[in-house]
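Report on the following structure.
Values quoted throughout were computed directly from the atomic coordinates according to the rules given, and no laboratory measurement underlies them. Here the structure is a predicted model, which means the values were calculated and not measured. Every residue, glycine among them, receives a Cβ derived from its backbone with ideal geometry; neighbour counts consider all protein chains shown.
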Amino acid sequence: MSDIISGFFQALNLIVTLNPDVMQIALLSLYVSLTATVLASFISIPLGGFIHFHDFPGKRILIVLIQTLYSVPTVVVGLLLYLVLSRSGPLGYFGLLWTPEGMILGQMVLIIPITTGLVLSALSSIDRNISDTLISLGATGFQTVVQVIKEARFAILSALILGFGRAISEVGVAMMIGGNILGQTRVLTTAIALQTGLGDFGFSIALGIILLAIALVIVIIMNLITSGAMGDFDRIMGGSPRA
Amino acid sequence: MVFQKPAVMNTTVADNVAFGLRFRGVERSQREGRVRSALEIVGLPHLSSRMAPTLSGGEMQRVAIARALVTQPEVLLLDEPTANLDPINADMIEDLILQINRKFHTTIILSTHDMIQGQRLADRIGVIMGGRIVQVGTATEIFYHPEGRDIARFVGTDTVLKGTVTANEGGHATIAIGDTVFEALTPLRTGTAVALYIRPEEVTLAPATTMLQKTSVRNHLTGRITRMVPYGPFIRITADCGMPLVALITRRSSTELGFTVGAGVVAGVKATAIHVLPVDEGRAHL
């Protein structure tokens, strides 16, 4: 019990004083996971759009496969990436193992199924009438896809935020591809695992609080977005009040 | 093209109307003016900055019309534009449709299940049954000269009687249906098997006790009321006069004349109100 209490006060001290080690680790976490999410969105949104708007044999199987990969274990992705990125692997030439860039790649592989799958369901929640209407107004195929994606923007944003949540909270890829090298690839989750093993509970708790704070910010943003989508948004955006 | 259920994008009304122009690469400076005038036509300029999904169904439908109109189409397709609207909004949309047609000479093709709406709005009507256009014509042609039994039923003609022309003097024919003789106008010759189509609003009913006055109504039949079905402010009365005749009269007159099921009545139909078609020809054959 005393461990927890003293650890908690030590953690507050580390956060309030902006301890450089803690901040460096938190910022690297944000950098890796945000970059992975943004890059994943560049793949997921067009990919989701393509799958949604095209009919091809095996489409249903592909969707089931994507949904199955929602719950792929992070260590399996880590293993796969390790084999691909290690010196003797097919992408060994790039020397991405034990680098933040390798971790970004790993987290992208991890979250692309989730973001793509949720982009797909976001798009299918858009009324078929919308795309018919767009076509009737003279939209090209590409303009139709872009506009339907815009219509689904709130749901797509939630999909990306969820993907970010999975990326920043995972340990497997960060540990196996990053290697938890202090000052280079040590992120919040790997640091917590290590410091807890070393008995440095204060440090771990501080990082845990930061991780939870990030989660809280994510939840708040998501709530703002979804409530905005439902009602208040037009008021904020300057629309006239409903008569 | 305007769909039955208007789909608006989750953005402002003005942006919604501008879509067609944006897709066509019209410059922003031009877009604003054209969007504004399209919104003025449909009477929604005051809502241009509102988020479109917050509008009522009637307003959305008007946005959808403005959105189609802004591209200055030569032909405007409307798929049951009033099907999901209350009568007041439906009236407003109908007025708008007429106004667009008169002002811009836009050809408008609209589908509807509402026969009366078709009569009100259309210069020409095509009746589609079983996926095929079965008759095209003016409202009068469709509703008073339907080409066959199915179309007649479709456009609200309830009474179809089969008989034979027994005499014809210069188009003024006598037609026997069982023991009853009708007078009607037709060029068809004596001996032709025919079907008589009688719209319910053309059938007059009077209590059986009434002394028959001299009117232009030539065909009088006595019978009994077998069925009374309310139909808005009207009531559809089926009278068995040796054959079933359906009449549409106001509820008020029905009450005043004391009509009830079983009451004796005299039914009358003007010779000019009977539409005669030969039975053996074309679509009239059934």
CD proxy at 222 nm, helix term only [per DSSP H run n ≥ 4: -39500 (n - 2.57); per residue of the protein assembly as shown; nearest 500]: -15500 deg cm²/dmol
Phi to ³J(HN,Hα) by Karplus 6.51 cos²θ - 1.76 cosθ + 1.60 over the range A:16-23, Hz, x for Gly, Pro: 5, 7, 6, 3, x, 4, 4, 5
Protection proxy ranking, peptides B:25-38, B:193-206, average beta carbon neighbours within 10 Å, highest first: B:193-206, B:25-38
Leading residue at positive end of dipole, the protein assembly as shown (Cβ point charges), from A:GLN10, A:ALA26, B:GLY171: B:GLY171
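What is the dipole size for the range A:25-198, taken about its Cα centre, with +1 at each Lys and Arg Cβ and -1 at each Asp and Glu Cβ, in debye to the nearest 20? Before the final figure, lay out each step's value.
Working: 8 positive and 6 negative charges, 35 e Å.
In debye, rounded to 20, the range A:25-198 gives about 160.
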Electrostatic dipole magnitude of the range B:13-123 [Cβ: Lys, Arg +1; Asp, Glu -1; Cα centre; debye, to 20]: 560
Shielding score for B:44-54, defined as the mean number of other chain Cβ atoms within 10 Å: 4
Contour excess over end-to-end distance, with Cα ends at B:ARG28 and B:VAL75 and 0.36 nm allotted per residue: 14.4 nm
Cα gyration tensor shape for the range B:134-235, rounded if a/c is under 1.5, else prolate or oblate: oblate
Average silhouette area of the protein assembly as shown, convex hull of alpha-carbon atoms, in square nanometres: 39.7
Proxy reagent accessibility, fewest Cβ within 10 Å first, across B:VAL265, B:VAL246: B:VAL246, B:VAL265
Cβ crowding within 10 Å averaged over residues, with B:121-134, A:155-168 ranked highest first: A:155-168, B:121-134
Cα gyration tensor shape of chain B, rounded if a/c is under 1.5, else prolate or oblate by comparing a/b with b/c: prolate
Number of partner chain Cβ atoms within 10 Å, mean per residue of B:16-24: 4
For residues of A:127-134, the mean tally of beta carbons on other chains within 10 Å: 4
Spin-label model distance (nm) - B:VAL229 vs B:LEU257, 7 Å beyond Cα toward Cβ: 1.9
Acute angle (nearest 10 degrees) that the helix A:74-85 long axis makes with the longest principal axis of chain A, alpha-carbon atoms: 90
Length added when fully stretched, B:GLN4-B:THR190, from 0.36 nm per residue minus Cα-Cα: 62.0 nm
Order of B:ASP158, B:ASP95 - criterion: other Cβ atoms within 10 Å of each residue's Cβ, fewest first: B:ASP95, B:ASP158
Rounded Å value of the spacing that divides the Cα centres of the range A:1-79 and the range B:145-175: 77
Mean separation of Cα contacts under 8 Å (6+ apart) over length of the range B:234-282, as relative contact order %: 28
Virtual spin-label span in nm between B:THR138 and A:SER2, 7 Å along Cα→Cβ: 10.6
